[in-house]
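Taking it in order: structure first as C-alpha cells, then the write-up.
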Amino acid sequence: MDTKRECYLLLLAGAVLLAGVLAVSLVGGAPDYRALVTAAGLALAWPVAHFALRRAGHLGDGLLLPLAAVLTALGLIMVFRLKPGLFMVQALWAALGLAAFLGSAFFFRQAERWSEYKYFWGLAGIALLLATALFGVDIGGNKNWLFIGPVHFQPSEFAKLFIVLFLAAYLNERREVLTFATRRYGPLILPQPRILAPLLAVWGLAMLMLVGQRDLGAALLYFGTATVMIYLASGRAGYLLWGAGMFLVGSVLAYTLYPHVRARIDIWLDPWADPSGRAYQVVQSLFALGSGGALGSGLGYGFPGLVPEVHTDFIFAAIGEELGLAGAGAVMMLYILLVYRAFRAALLAPSPFRALLAGGLAVLLGLQVLVIVGGVTKFLPLTGVTLPLVSYGGSSVVATFILLGMVLAMSEKRPTDA
Amino acid sequence: MLDSLRASIRRTAFALLGLLAALFLYLSYIQVIQSDFLAGHPLNRRTAAAAEKVERGTVFDRRGEKLAYSEKDGDGRYVRHYPYGAMAAHVVGYSSPRYGQSGVESAFNGELSGMTNPERRFGPITGLWTAKAGNSVTLTLDGELQETAYRALGNRRGAVVAIAPRSGAVLVMVSRPAFEPDAVDDDWKEIVGAAGSPLLNRATQGLYPPGSTLKVLVAEAALTEKMTDNRKTYECQGSFKIGPDYVLHEANNKAHGKVGLEEALAVSCNVTFGRLSLELGRSRMAKAFDRFAFARPLGGDFAEASSRLPDFGRLGDGDLAQTGIGQGSLLVTPLRMAMLAAAFADRGTMLKPFLVSRVTAPDGSALRQFGTVEFAAATSPATAAEVNRMMQQVVSGGTGYAARIAGVKVAGKTGTAENPHGAPHAWFIGFAPADEPEIAVAVVVENGGAGGEEAAPIARQIMARALR
C-alpha cells in the first residue's frame, strides 16, 4: 500500500465531513462557522495523523484509517443533523479517538510483550465490568455507566478490548491442549474442565451483565466473540456447538426470567402486533428506512426525530431515511471493508498470537455491526449496542479507535518479521 | 500450526462477512421493495409532518375574505385556522394531520398543500420542484350570505344551498348541525359520536323526500308533454282514490274544488298532481327526471350522494302518484333541488354548480379558472317562463307567502315532506328576482313541519340579504 493513497483517501474523508456539515447547516439557514472550523480541524488532523504514523515508520494497513475516518465523518454529520448541540462534544471525542488510535497503533507493536501481562488485562476487564455492576448508573435502561467525578463513561466498551487481549494471549498458550486434549462423544467434544474454564468464565460474565445491567447487547457481543475465538484457536467446530448450547441455555433462561428480554423477542417476531406500544421504536425505525427509499429525503429533509434514541443506537435509521439505501448501503460497505481488512490482517499476521488477536478484534467489530444494524432493521431481535464510530457517544468512539489501532499494529509486516 | 489457525480464520471471515452481506440484502429489501408499504403506512407520521412544514394555501370567499388559512405557531409548524368556524365547516372542510381532509380542503388538497407532484422517489432532488407554499383557492361562496343562512337556520337540523342561477356559482352551502373545524384534532371523538352526525354535509349528502317542491317538475312535464294548459281544470274533493285500495289525501283532507294548474301549484294540490302523474304515466315521468339529470353524477368539487329515484317501470299507480307529489321512495339532496329551482330561473337550462372559481399560485398568478358549464338542457325557455310565472303565484298568493319580499318578485314552491323519522321535513325552493334572477335557493329543515311556515322565511332572509 503506497502511503500517498492513504493521504488522498483521508483528504477525501475530510471533504465528505466538510461538505456534510456545510449541507446540514445550510438547511438550517446560515452556515455554522464554529462547526465548520471544527470539521476543518478534524479534516486536517487526519492527514497529520497519517504523516505522524508513516514518518515514524509504521507499516500498518493503509486502508484502516481512511475507512474509520469516513465512518467518523458520517457519524459527525448525522450527530450535527440530529443533535447540533452534541456536535462539538462528539468532534472532541473523534479527535481523542484519533490520538488513541495512534497511541494504540504504536503501543501494540510490542503486542507479544504486553501479552505476558495477560492476567492483568483479564482482571482489569473483569474489574471494570464488576465496578459497573456494583456502582453502575442507569442511563436509558442500560445500567452500564460509570461516573468518575465529572467524567462518565461506559466501561464495557473498553473492557471488551481487555477481554479479547486476554483471550488471545491465554488461548494462544493453550492452543495445543485445546486442539488435542479432548474426549470425543460422537459429534460432541469434551475438553478438560480447566480448558473450558475461560469459556465458562466469559459466559458467567455475560450472564452477569445480562442480569445485573440488563445489557443484552454487550452480553451477546462478549459471549459471541469469546466463543468464536476459542474456535479460532482450536480449529474445532465442536466448541461452537458448546457455545451455541450455552447461549441457548442463557437465552431460554433470560426469556423466561426477564420480561424485557421476552418483549424484545416478541417484537422481533411480530412488530405489527403492537406498533404504537412495545414495538414503537422498531416500527418507527422501519418507517424511517422505508420512507428514505433508494435515495433518501436529503440531509435535513427527513423526519428522523420520530425515532426514539435516533442519535445513539438508532443512528443507522436516520442515515437510511435521509441518505437512503445509497447512504445506508455505503455505510454497510464501509463496515464490510473494515471487517474484511481486519480479517486480512489476521490472515497475514506473522505469529499465531497476532493472528488470534486480530481475528478476535475482527469478530468483535463485525458482530457489533451485525447486532445493531440487524436490530434496527428487524433482521435480528433488537439489542442496544452502538454503531461503531457513527453513534453518538465518547466511550464507543474512543474504544473503537483503540480497537482499530490494535488491528493496525497487527497488520504491520515489519522487515524483521519477514 | 499457523496454517490451521488461518484456515479457521478464513472460515470465520467468510461466515461473518456473509452474514453482513445478507444484512445488506435485507436492508435493500426494506428500503426498496417494502418502501411504499412503510412510507404510506397510516401510522407513519411523515406525510403529516411534511405538511406542517409547508404553508398550506388560503381558501378565499368570492369577496376575498379568508375562509381558511395557515399560520406558523410557536414551534414553527403551520397550523390551520378557520375564521368562519362552524358556519362554513362542511363546504370548506377541515385539514387535520391525523384525520385527513374534507370538503374543499380534500377536493383541492393537492393544490392547497403544494404537493401536486409527490415524486419522493427522486430523493433530495424533489426539493427543486416541491413548493414552499401551497396554492390558494378562491370559492364562489359568499361569506356574508353563508353567515345569514347559518344564523337563519338556527339550531334546527337541515341545509341551505344557494346558487347564482345564471352562472351556476354556489353562493351558500350550509348544513346543520355543524362542527368547529379548528377543533377537529382535539375533539374528534366527540364530533364523530355527536347526535345528528355533524360531519355529514346535508346539503350534498343529505337524502330527503322532496315533498311538494317536486310539483314544479311535474308541472313542467305536464306542460312539455302538452297534457294540460292553464285553461284545463281539475276537480279536487280532498282525496283521490287510486285503484281498489289506495287513497291520496290532501293535507287536512281540505278540498280545493275546481283548480287550474297555476292554482293547483299555488295551493299545492296533491289530488291534481297525483292525477297529472298518472296521466303522464311511468315513462314520461321518468323522462322528466332524466331531463333534469337527477341521476347523472355532478363530479368535480362535490362529494355528492346520488339521488334515489324509483324504478319507474315497476311502479304501481299509487306509488307513481306518490312520486308526483315528491313522496314514496324518491330521495334527493338539497343541492339538486336548488339546481331545479335555478333551471326555472334561467330559461330552462340547468348549469353545473361550481364552488371554486380559481386557483392562484403564492405569487398571485392565476393557475386555473372555473366558470359556467351547461349540465342539462332541461326544458324550453317558454316552458321555464311559464313555470316561473306559476312559482311567482305560489309566493304572491299561495303557500309560499312567507317568502315575499317588498318590491321584489319572488318565485318559489313549498314542501312538507312526510318521512318515517317524525314530523315532516319543511322545504322551500325558489329564486329572486323572478324576472332577473340573481339567487336561487333550496332550504330544508329536518322534521320542521310545514314548509311555508318553517322553510320559506329562511329562504326569504337569504334572498333579501342577497338582493339588498
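All of the numbers you see were taken from the coordinates with simple rules; none came from a lab. Everything numeric in this text was worked out from a predicted model, so none of it was measured. Counting neighbours? That spans all protein chains shown, and the Cβs are built from the backbone with ideal geometry, glycine included.
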**OP:** Select from chain A the helices, each a whole stretch of DSSP H, whose alpha-carbon atoms run 20 Å or more along the helix axis and whose Kyte-Doolittle mean is at least 0.5; answer none if there are none.
**Re:** A:3-27, A:33-55, A:64-82, A:87-107, A:118-135, A:155-173, A:193-213, A:216-234, A:237-257, A:324-348, A:352-376, A:394-410
Original post:
Counting only other chains, what is the mean number of Cβ atoms within 10 angstrom of the Cβ of each residue in peptide A:334-341?
Top reply: 2
Subject >> Proportion of all alpha-carbon pairs of the stretch B:257-328 beyond 17 Å (%) >> reply: 50
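Within 10 Å of each Cβ of A:302-311, how many other protein chain Cβ atoms are there on average?
The mean count of partner-chain Cβ atoms within 10 Å per residue comes to 2.
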**OP:** Could you give the C-alpha radius of gyration of the stretch B:249-291 expressed as a fraction of 2.2 N^0.38 Å, taking N as the number of residues it contains?
**Re:** 1.28
Original post:
Using only Cα atoms, what is the ratio of the radius of gyration of the stretch B:277-431 to 2.2 N^0.38 Å?
Top reply: 1.20
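In which sequence would A:Met207, A:Met406, A:Met333 go, from the one with the fewest C-beta neighbours within 10 Å to the one with the most?
A:Met333, A:Met207, A:Met406
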Original post:
Label points 7 Å out from Cα along the Cβ direction at B:Ala361 and B:Ser329: separation in nm?
Top reply: 5.3
**OP:** Send over the per residue convex hull volume for the stretch A:238-394, Cα only, as a whole number of Å³.
**Re:** 137
**OP:** Once you have the Kirkwood Rh of the stretch A:1-66 from its Cα pairs, apply Stokes-Einstein at 4 °C and 1.567 mPa s and quote D in µm²/s.
**Re:** 102
Original post:
Which whole DSSP H helices in chain B pass both tests: a Cα extent of 18 Å or more along the axis and a mean Kyte-Doolittle value no lower than -1.0?
Top reply: B:2-28, B:270-291, B:381-397
**OP:** Using just the helices of chain B, give the 222 nm mean residue ellipticity in deg cm²/dmol: DSSP H runs with n ≥ 4 each add -39,500 (n - 2.57), and the total is spread over all residues, rounded to 500.
**Re:** -10500 deg cm²/dmol
Original post:
If you bin every alpha carbon distance in the stretch B:403-463 into 5 Å steps from zero, what whole percent lands in each bin?
Top reply: 5, 23, 29, 19, 12, 8, 4, 1
Original post:
Given H placed on each backbone N at 1.01 Å, which residues far from B:Gly260 in sequence or on other chains put an amide H within less than 5 Å of it?
Top reply: B:Tyr234
Subject >> Highest average packing first - B:291-300, A:90-99, Cβ atoms within 10 Å >> reply: A:90-99, B:291-300
Original post:
According to a simple spin-label model (label point 7 Å from Cα along Cα-to-Cβ), what is the distance in nm between A:Lys83 and B:Asp3?
Top reply: 5.3
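Apply 1/(1 + (r/R0)^6) to the Cβ-Cβ distance of B:Ala303 and A:Leu36, taking R0 = 51 Å, and write down the FRET efficiency to the nearest 0.05.
It comes out at approximately 0.45.
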Subject >> HN-Hα J in Hz across the stretch B:416-421 - Karplus 6.51, -1.76, 1.60, θ = phi - 60°, x for Gly and Pro >> reply: 9, 9, 5, 7, x, 9
**OP:** Give the order of A:His260, A:His311, B:His421 when sorted by the count of other beta carbons within 10 angstrom, beginning with the fewest.
**Re:** B:His421, A:His260, A:His311
**OP:** Using only the Cα atoms, work out Rg/Rh for the stretch B:32-92, with Rh taken as the Kirkwood radius, to two decimals.
**Re:** 1.13
Original post:
Using the alpha carbon gyration tensor of the protein assembly as shown, what are the three equivalent-ellipsoid semi-axes (square root of 5 times each eigenvalue), largest first, in whole Å?
Top reply: 83, 28, 20
Original post:
Mind listing the Cα extents of chain A along all three principal axes, in Å, largest one first?
Top reply: 69, 59, 43
Original post:
So, in nm, how far is label B:Arg389 from label B:Asn230 when the simple model puts each one 7 Å beyond its Cα toward the Cβ?
Top reply: 0.3
Subject >> Normalised convex hull volume, the stretch B:185-299, alpha-carbon set, Å³ per residue >> reply: 159
Subject >> Karplus-derived HN-Hα couplings along the stretch B:73-88 (A = 6.51, B = -1.76, C = 1.60, θ = phi - 60°), whole Hz, x at Gly and Pro >> reply: 9, x, 8, x, 9, 7, 10, 8, 10, 10, x, 8, x, 5, 4, 10
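If you average 1/r over every pair of different alpha-carbon atoms in the stretch A:278-332 and take one over that average, what Kirkwood value in Å do you get?
It is 10.5 Å.
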**OP:** Within 10 Å of each residue's Cβ, count the other Cβ atoms and sort B:Tyr84, B:Tyr401, A:Tyr119 from fewest upward.
**Re:** A:Tyr119, B:Tyr401, B:Tyr84
Subject >> For the stretch A:332-375, alpha-carbon Rg and Dmax in angstrom >> reply: 11.0, 36
Subject >> For B:Ala434, residues with placed amide H under 5 Å, excluding near neighbours >> reply: B:Lys409, B:Val410, B:Ala411
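Looking at this model, which pairs from B:Lys189/B:Lys352; A:Lys83/A:Lys160; B:Lys226/B:Lys287; B:Lys53/B:Lys189; B:Lys226/B:Lys258; B:Lys215/B:Lys241 are more than 24 angstrom apart at the alpha-carbon? Spell out each step's value before the answer.
Numbers: B:Lys189/B:Lys352 36 Å; A:Lys83/A:Lys160 28 Å; B:Lys226/B:Lys287 14 Å; B:Lys53/B:Lys189 26 Å; B:Lys226/B:Lys258 20 Å; B:Lys215/B:Lys241 19 Å.
Checking Cα-Cα distances, B:Lys189/B:Lys352; A:Lys83/A:Lys160; B:Lys53/B:Lys189 exceed 24 Å.
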Subject >> Chain lengthening between B:Ser380 and B:Lys66 when straightened (0.36 nm per residue, less Cα-Cα) >> reply: 109.1 nm
Subject >> Kirkwood estimate for the stretch B:139-252, i.e. one over the average of 1/r between Cα atoms, Å >> reply: 18.2
Subject >> Kirkwood-based Rg to Rh ratio, chain B, C-alpha trace >> reply: 1.17
